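Okay, so here's the structure we're looking at.
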Amino acid sequence: MKQPKGQRRIHVLGITLVSSMAAALAFSFQVLSSLRFFPVVTDAKTIVSDTGSTLENARRPLGTQKPEICFPDASVHIFMYHYVRDPVPKDAKITVQLSVPVRAFEGHMKTVRELADSWKIAVVSLPDLQKYREWNCYPNRNVFVFTDDDGWIDAYAGLAPIAKKYAVPFSFGIIASRLGAPGFVSAKEVAALARDPLFSIASHSVSHSDQDAISEPAERREICESKIILERLTGKPVAAFVYPAGRMSVNSSKILRECGYDLAFTTHYGAPWKESKTRYDINRTRVYPETKNAFFEKLADFR
Ligand SMILES: [Zn+2]
């Protein structure tokens, strides 16, 4: 049946409008997809991220293979915790500043997991970070890495179970001579942490001496012997060193290289790590008792 001329014009106009809208939508989708942080829906069951991970794979450890899509200039934020405990003690200022209440820590981990599940960040272990660094190929624009210093008893009893609940990898900097000392984790607990694929062990020296205040032979003992002790205990390579009080000497890099370390961390505030001078002088970001979840969300928005 032939349509009257006026109706035909409206019909054609309608088709033009609909096709323009469809084209605009397709274009927006293309633009958003090309930004590489927008998940691409391929079918009802599988959501594929820009890194090729499926939603089901989101909690699997990364780093076992080179990512299909690389972000060579990723912002790598390395966070540093010390104590996770209640109540936060009211003694020395430094102890207070280094303590994070359990509830706050759980909030941090929950936020980090949500950010990782929505591909705003990749949260990776320290051993995996080293692989990405060698490849110069990171799985996301924003990479978060978590470290905990000193090996206080709450690392095992307080921090680890919550990190595990949210599948957030942690590296524990352990002082080799304090294993089993009052208030510190035992050798058995460190071995148990090392057995968990989510966790890794770093050396935090033998006796927690300031590396810039001791002789070169003493520094060598602190750096090399702690590695041997912790590797014997865990049966795994200990490839990262954490400077006690963040202090490195003029000899530290040379000794670390000779003893076979890949990376070393200071306590200098700095993020991302591309601002660090060398692989033995890596900045970290301190987490305070008052650090809010929004702090992590803001860093994840960095492009
Ligand atoms: Zn320390």
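The values are calculated or read from the model by the stated rules, or taken from the named source; none is laboratory data. No experiment lies behind these values; they were computed from the predicted model shown. No Cβ is skipped: glycine too gets one built from the backbone with ideal geometry, and neighbour counts run over all protein chains shown.
Worth pointing out:
- Among residues of the range 166-210, those that are more than 16 Å from the ligand (Cβ to nearest atom) and in a loop (DSSP other than H, G, I, E, B), counted: 10
- Looking at ILE228, ILE214, just one residue is within 16 Å of the ligand (Cβ to nearest atom), more than 21 Å from THR95 (Cβ to Cβ) and assigned by TED's automatic domain parsing to the domain that holds LYS165, and that residue is ILE214.
- Residues located in the range 211-237, provided they are out of contact with any Ser or Thr (no Cβ under 6 Å at 6 or more places or on another chain), hydrophobic (A, V, I, L, M, F, W, C) and part of a helix (DSSP H, G or I): ALA213, ALA218, ILE223, CYS224, ILE228, ILE229, LEU233
- Residue match in the range 248-266 (condition: free of Cβ contacts under 8 Å to residues at least 60 places away in the same chain, of a type in the set (Ser, Thr, Tyr), within 16 Å of the ligand (Cβ to nearest atom) and closer than 17 Å to ASP150 by Cα): yes
- Residue in the range 129-145 that is assigned to a helix (DSSP H, G or I), away from the ligand (no atom under 16 Å from the Cβ) and crowded, with 23+ Cβ neighbours inside 10 Å present: yes
- Residue pairs meeting the criteria (Cβ under 6 Å; at least 6 apart or on separate chains; first closer than 11 Å to ASN251 by Cα, in the range 208-230; second within 14 Å of the ligand (Cβ to nearest atom)): GLN211/TYR243; GLN211/ARG247; GLN211/MET248; ASP212/ARG247; GLU219/GLN211
- Some residue of the range 175-193 being free of Cβ contacts under 8 Å to residues at least 40 places away in the same chain and within 17 Å of LEU129 (Cβ to Cβ): no
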